[in-house]
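Worksheet: the structure to be examined is printed underneath.
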């Protein structure tokens with residue numbers, strides 16, 4: 001709880017994963033990937049409850065072994081390759097409400113962001129609740145600026161991705177940020193529904209690049225493992 005507001009954290013972890021089989025519980029430094037998101041959530045001073053949104057009984061068992069109750073499973077139709085995060089988000093809120101649990105703010109903590117720390121979560125909560133906005137999304141500065149990015153037209157000619165001066169010096173680039181998937185926070189009111197764009201948060205919470213690794217493939221996994229090992233030594 002922060003500023004007398006009840007706060008729920010949802011960690012989505014569906015069973016199906018094409019790029020890395022069983023990605024959400026893959027072993028990293030002798031711990032399942034799920035361990036790291038649960039650890040950061042438990043380290044937060046402000047979360048009133050943490051739940052895992054999963055359709056997979058094996059993942060549910062892993063979560064319970066890590067000290068998190070899994071009071072319900074996500075329906076299969078909300079755990080397909082085309083399912084949206086907001087669907088799992090709303091489903092979890094409704095299931096909690098059935099059990100008499102009402103929250104003022106809801107966090108989504110992607111399980112594929114194992115470098116996120118508890119203090120990141122708390123800083124993000126503080127930033128949003130001390131503002132007049134409804135939502136927040138974590139971001140990090142991009143390494144490659146869109147000013148030097150190109151598309152290829154049908155005629156094979158390179159086109160600028162954005163309208164900019166291609167001769168601008170790298171050190172003079174304006175800062176550009178990308179949603180990193182680590183933290184999403186939404187006010188739980190009538191404006192929160194299946195049409196809500198979680199990536200469209202009102203205010204940013206800026207994270208360093210090393211904490212922003214989002215595991216999508218085996219290279220990401222190697223990078224995340226390197227940083228996690230570095231942080232524990």
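Given contacts defined as C-alpha pairs under 8 Å and at least six residues apart, what's the relative contact order of region 1-85, whole-number percent?
Relative contact order here is 34 percent.
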Which angle from 0 to 90°, rounded to the nearest 10, does the C-alpha axis of helix 85-98 make with the longest principal axis of the chain?
20 degrees
Nearest 10 degrees, 0 to 90: helix 218-232 Cα axis against the chain principal axis
70 degrees
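What is the diffusion coefficient of region 1-68 in µm²/s, taking the Kirkwood radius over Cα pairs and the Stokes-Einstein relation at 10 °C with a viscosity of 1.306 mPa s? Before the final figure, lay out the partial values.
Numbers: Rh = 12.7 Å.
Stokes-Einstein gives a translational diffusion coefficient of 125 µm²/s.
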Which residue, 153, 13, 63, has the most motion in a Gaussian network model of the chain that connects Cα atoms within less than 10 Å?
153
Kindly express, to the nearest 10 degrees and within the range 0 to 90, the angle between helix 33-43's C-alpha long axis and the longest C-alpha principal axis of the chain.
70 degrees
Dividing the alpha-carbon Rg of the chain by 2.2 N^0.38 Å yields what?
1.08
Antiparallel DSSP beta bridges within the chain, percent to nearest 5
55 percent
Per-residue Cβ neighbour rank within 10 angstrom, fewest leading, 232, 225
232, 225
I want to verify a result. In a Gaussian network model of the chain, Cα cutoff 10 Å, which of these has the top mean-square fluctuation: 206, 162, 183?
162
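Could you list 5, 187 in order of exposure, starting from the residue whose Cβ has the fewest other Cβ atoms within 10 Å? Each step should come with its number before you reach the end.
Values: 5 16, 187 19.
Placing the least packed residue first, the sequence is 5, 187.
Read-outs throughout are calculated quantities, based only on the coordinates presented, and are distinct from any laboratory measurement. It should be emphasised that the depicted structure is a prediction, and the values quoted were computed from it without experimental measurement. Heads up, the Cβs are rebuilt from the backbone with ideal geometry, glycines too, and the neighbour counts pull from every protein chain shown.
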